[in-house]
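Step one of this worksheet: look at the structure below.
The values are calculated or read from the model by the stated rules, or taken from the named source; none is laboratory data. The structure displayed is predicted, hence computed values, not measured ones. Methodologically, a virtual Cβ is constructed for each residue, glycine included, from the backbone with ideal geometry; neighbour enumeration extends over all protein chains shown.
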Amino acid sequence: MSNKMYLALLAGASLLDAGLHQAVALDAAAVPEPIVIYANQPPQRPAAPVRMASADQSNLGGGFIQFLFGDAPPQGDRYRQQPGYQQQPSYQSQRPLLPPGEPQQTMRQQENPGEPAHPAFDPKFEKQLVDYHGKESAGTIVVDTPNKFLFLVQGNGKAMRYGIGVGRPGFTWSGVKQISAKKEWPDWTPPPEMLVRRPDLPRHMEGGPQNPLGARAMYLGSSLYRIHGSNEPWTIGTNVSSGCIRMRNEDVIDLYSRVNVGARVIVI
């Protein structure tokens, strides 16, 4: 009995010595070189260590010694090399850069940004047929300077009333005139007196939508005064001119069609 035990202990010591030599061989494996990571490169994980299973390890006898020094699991399966770390694809959106917008798309256009907003046209100065109780005959024009109205007498107690703009303080006048001429889209030549006050004005301007005399003009006798249209309708109902009587373009066109040269004009 003692001889069998001696042989068993001797065999166990031999197997233990062989396992220790194998462990020393595994511990003496070369240490992998350090990995250098540069600033412009994404960090990479080191590859997983590879454990190789050899055929001569199957003689460790299995059991506890095989578990301690062998590479195979107790079930007897060989240790398979795992694939190295693979960099995962980036899920960050890779949208292309948009081209810069055109100036007309990025900036909203402004029309005369430095020009103040004009007041709305007062509806009381709209053209309308009204009662008239004066003594003037039909066809006579009566200019009510203080109230900013022009009346074209119709007869039978009626008159067509229009809103007007009149002279500024110091430029108002009163009297009786006659229409001496009528012109459509008249030219404008500022008088010398006006050029003295406004040297920035043009010396002459052809007729058209931008002309301050507007669409029609009716000249009053031999004076420089006119009943004319205006491209500034917001000035109707104000003291604005240098003595002329201004109307909206649509109103002066209507009045122009109703009166003739020689018509009497009374300014009060």
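List the residue pairs whose Cβ atoms are under 6 Å apart, where the first residue sits in the stretch 153-170 and is without any contact (Cβ under 8 Å) to a residue 24 or more places away in the chain, the second is not hydroxyl-bearing (Ser, Thr, Tyr), and the two are 6 or more positions apart or on different chains.
VAL153/GLU136; VAL153/ALA138; VAL153/ALA159; GLY155/ALA138
Looking at MET205, MET218, which is the one that is surrounded by fewer than 18 Cβ atoms within 10 Å (Cβ to Cβ) and over 37 Å from the mean Cα position of the chain (by Cα)?
Answer to the check: MET205.
Kindly indicate the residue of the stretch 148-173 that is part of a strand (DSSP E or B) and either in contact with a Ser or Thr (Cβ under 7 Å, 6 or more places away or on another chain) or not assigned by TED's automatic domain parsing to the domain that holds SER257 (or both) and also farthest from ASP251 (Cα to Cα) among those meeting that condition.
GLY167
Let's see how each residue does on (1) of a type in the set (A, V, I, L, M, F, W, C); (2) assigned to a loop (DSSP other than H, G, I, E, B); (3) in contact with a Gly (Cβ under 7 Å, 6 or more places away or on another chain):
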| residue | (1), (2), (3) |
| --- | --- |
| GLU193 | no, no, no |
| ASP200 | no, yes, no |
| ASN211 | no, yes, no |
| GLY214 | no, yes, yes |
| MET218 | yes, no, no |
| LEU224 | yes, yes, no |
| ILE227 | yes, no, no |
| ASN231 | no, yes, yes |
| GLY243 | no, yes, yes |
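Considering the stretch 255-268 alone, what residues qualify as being crowded, with 16+ Cβ neighbours inside 10 Å and either in contact with a helix residue (DSSP H, G or I) (Cβ under 9 Å, 6 or more places away or on another chain) or part of a helix (DSSP H, G or I) (or both)?
LEU255, TYR256
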